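The values are calculated or read from the model by the stated rules, or taken from the named source; none is laboratory data. Only a predicted model underlies this, so the values are computations on that prediction, with no experimental measurement involved. All Cβ positions, even for glycine, are placed from backbone atoms using ideal geometry, and neighbour counts span all protein chains on display. Calculation scope for accessible area: heavy atoms of the full protein, side chains included, ligands and nucleic acids excluded. Shrake-Rupley method; radii C 1.70, N 1.55, O 1.52, S 1.80 Å.
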Amino acid sequence: MKILLIDDEEMSLDFNEIMLKELGGVEVVGKFTNPYFALEQLEVMDVDVIFLDMEMGAVNGLELAGIIRSKYSHIEIMFVTAHAQYALQAFEVNAVDYLLKPLNKKRLKRAIERLKEKLDLYKESKKKVAFKEANFYMKTFGGFHLLDRQQNIVKWRTKKVKELFLFLWQHHGAPVHKAIVMEQLWADIHAEKAAKLLHTTVYQLRKTFKEQGLEDAVQFNNDHYSLGLLIDSDCTVLEGLLKDNKMESSEVEQILVLYQGDFLEEADFRWVTPIQQRLRQSVLQYLEQIISVGEVNPLLIEECLLKMLELDCYNEMYMYNLLALYENMENSQKMKEFYKMIEARLRDDLSIEVPIKIKKSYGHFVE
């Protein structure tokens with residue numbers, strides 16, 4: 001059990017630490033006379049319980065407990081104070097116990113034993129929830145949404161909360177330094193204000209997943225943030241298929257179905273563009289291989305070429321290949337319709353004529 005001590009008197013901190021060490025089975029991970037500094041350190045410390053004084057100069061223990069519980073709901077609060085009159089109020093902020101100074105060893109032992117039982121139950125329930133957390137599914141191509149275990153779309157408190165979630169997710173669990181997060185999400189804002197916005201957004205993101213039964217969705221260690229969630233997604237599946245580079249019809253069809261549009265194409269996040277370009281290029285290269293190998297049926301090759309033109313609509317080679325495919329299929333109707341579409345697109349969008357190679361191919365067919 002990891003315990004943090006907060007008291008404005010050094011002597012009380014030392015006495016409480018000695019009493020706890022004599023009990024065994026606990027570790028005092030920090031002692032603070034400055035409550036505000038203790039709050040800052042909670043971001044990077046692994047703490048199960050906080051022993052908290054009630055009156056610390058200008059700081060009230062009840063108010064501090066409320067702040068801690070709102071940000072770190074998994075941390076238990078145990079008041080250790082000389083003021084008996086606050087006991088009732090202490091339990092209103094969900095304090096696990098209320099001990100009077102000076103600590104009585106027998107009373108402290110009973111409190112620690114009860115606390116251990118509660119923490120054991122909490123950790124067990126957390127394991128059960130963690131076992132289910134991969135039941136989130138995320139769609140990223142074309143439109144974006146995240147589905148929970150009941151197939152309900154997860155709602156985001158703000159656009160920045162959604163962006164922070166996606167930014168951390170696309171790092172595949174790797175920790176990201178907070179300076180990089182601020183640079184990417186709040187590039188045009190002063191560093192001090194950006195840090196505050198980051199802190200607020202992390203809190204809201206944690207709260208979003210806490211409502212899903214997950215306490216540690218966003219983890220923070222050594223100034224790095226990471227997303228502690230297992231999420232299935234269309235992007236993960238697509239990247240796996242592209243990496244395998246199989247040329248079988250079933251894989252080709254799956255890629256065509258998955259790639260419904262660019263990665264997060266409706267998002268205007270500054271960090272998204274390089275990822276969009278990389279994934280689009282990877283899909284195009286894969287489909288070009290399929291066209292060149294030609295071991296799948298013509299209808300599937302047609303689907304591939306249509307997808308390629310959807311992603312690169314002025315590519316002359318793609319136009320020529322689809323026109324040639326229709327000729328090989330002896331489908332004059334599709335060939336005529338496609339040629340007219342090419343002609344109109346190039347004239348209306350770019351004010352240019354159909355390339356000579358395509359004109360000659362089509363002219364040869366209609367003669």
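At a glance:
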{"read-out": "Paramagnetic reach from residue 276 (point 7 Å along Cα→Cβ, amide N under 11 Å) across region 246-270", "value": "262-270"}
{"read-out": "Computed magnitude of the charge dipole of the chain (debye, nearest 20; Cβ of K, R +1, Cβ of D, E -1)", "value": "920 debye"}
{"read-out": "On Cα atoms only, tilt of 191-210 relative to the major axis of the chain in degrees", "value": "90 degrees"}
{"read-out": "Coil-residue trypsin sites (Lys or Arg not before Pro) of region 143-200, DSSP, other Cβ within 10 Å capped at 16", "value": "149, 155, 157"}
{"read-out": "About the Cα centre, charge dipole magnitude for region 71-113 (Lys/Arg +1, Asp/Glu -1 at Cβ), debye", "value": "280 debye"}
{"read-out": "Residue order for 156, 186 - accessible surface, 1.4 angstrom probe, largest first", "value": "156, 186"}
{"read-out": "Residue-normalised accessible area of the chain, given per residue in Å² at a 1.4 Å probe", "value": "54 Å²"}
{"read-out": "Net length gained if the chain between residue 289 and residue 83 were fully extended (0.36 nm per residue, minus Cα distance)", "value": "66.5 nm"}
{"read-out": "Within the accessible area of the chain (1.4 Å probe), percent carbon and sulfur", "value": "50 percent"}
{"read-out": "Histogram of C-alpha separations across region 300-367, 10 Å bin width, %", "value": "21, 59, 20, 0"}
{"read-out": "For q = 0.27, 0.31 Å⁻¹, Debye-computed log10 I/I(0) when each Cα of region 192-237 counts as one equal scatterer", "value": "-1.01, -1.10"}
{"read-out": "Efficiency of FRET between residue 58 and residue 23 - r from beta-carbon atoms, R0 41 angstrom, step 0.05", "value": "0.80"}
{"read-out": "Ranking by accessible area, most exposed first, for 236, 140 with a 1.4 Å probe", "value": "236, 140"}
{"read-out": "Under 21 Å from the Cα of residue 160 - lysines, other chains or at least 8 residues apart", "value": "71, 139, 178, 193, 196, 207, 210"}
{"read-out": "Label-point gap, in nm, between residue 192 and residue 152 - each point 7 angstrom along Cα→Cβ", "value": "4.1 nm"}
{"read-out": "Label corresponding to log10 I(q)/I(0) by the Debye sum over Cα atoms at q = 0.07, 0.13, 0.14 Å⁻¹ when calculated from the structure given, among [x] -0.37, -1.12, -1.23; [y] -0.26, -0.94, -1.10; [z] -0.50, -1.07, -1.16", "value": "[z]"}
{"read-out": "The chain: angle of helix 159-169 to the longest principal axis, Cα-based, in degrees nearest 10", "value": "80 degrees"}
{"read-out": "The chain: calculated mean residue ellipticity at 222 nm from DSSP helix runs of at least 4, using -39500 (n - 2.57)", "value": "-17500 deg cm²/dmol"}
{"read-out": "Quotient of Cα Rg and 2.2 N^0.38 Å for region 38-188, N being how many residues it contains", "value": "1.38"}
{"read-out": "Under-5 Å amide H pairs with residue 171, H placed in peptide plane, nonlocal only", "value": "none"}
{"read-out": "Approximate spin-label separation residue 99-residue 356, in nm, with each point projected 7 Å along Cα-to-Cβ", "value": "9.1 nm"}
{"read-out": "Taking N as its residue count, the alpha carbon Rg of region 148-210 over 2.2 N^0.38 Å", "value": "1.17"}
{"read-out": "Efficiency of FRET from Cβ geometry, residue 219 and residue 340, R₀ 56 Å, rounded to 0.05", "value": "0.50"}
{"read-out": "Spin-label model distance (nm) - residue 117 vs residue 39, 7 Å beyond Cα toward Cβ", "value": "3.4 nm"}
{"read-out": "Additional length obtainable on full extension of the chain from residue 253 to residue 11, 0.36 nm per residue less Cα span", "value": "80.0 nm"}
{"read-out": "Set of lysines near residue 360 by C-alpha distance (under 20 Å), chain-local residues within fewer than 8 positions excluded", "value": "334, 336, 340"}
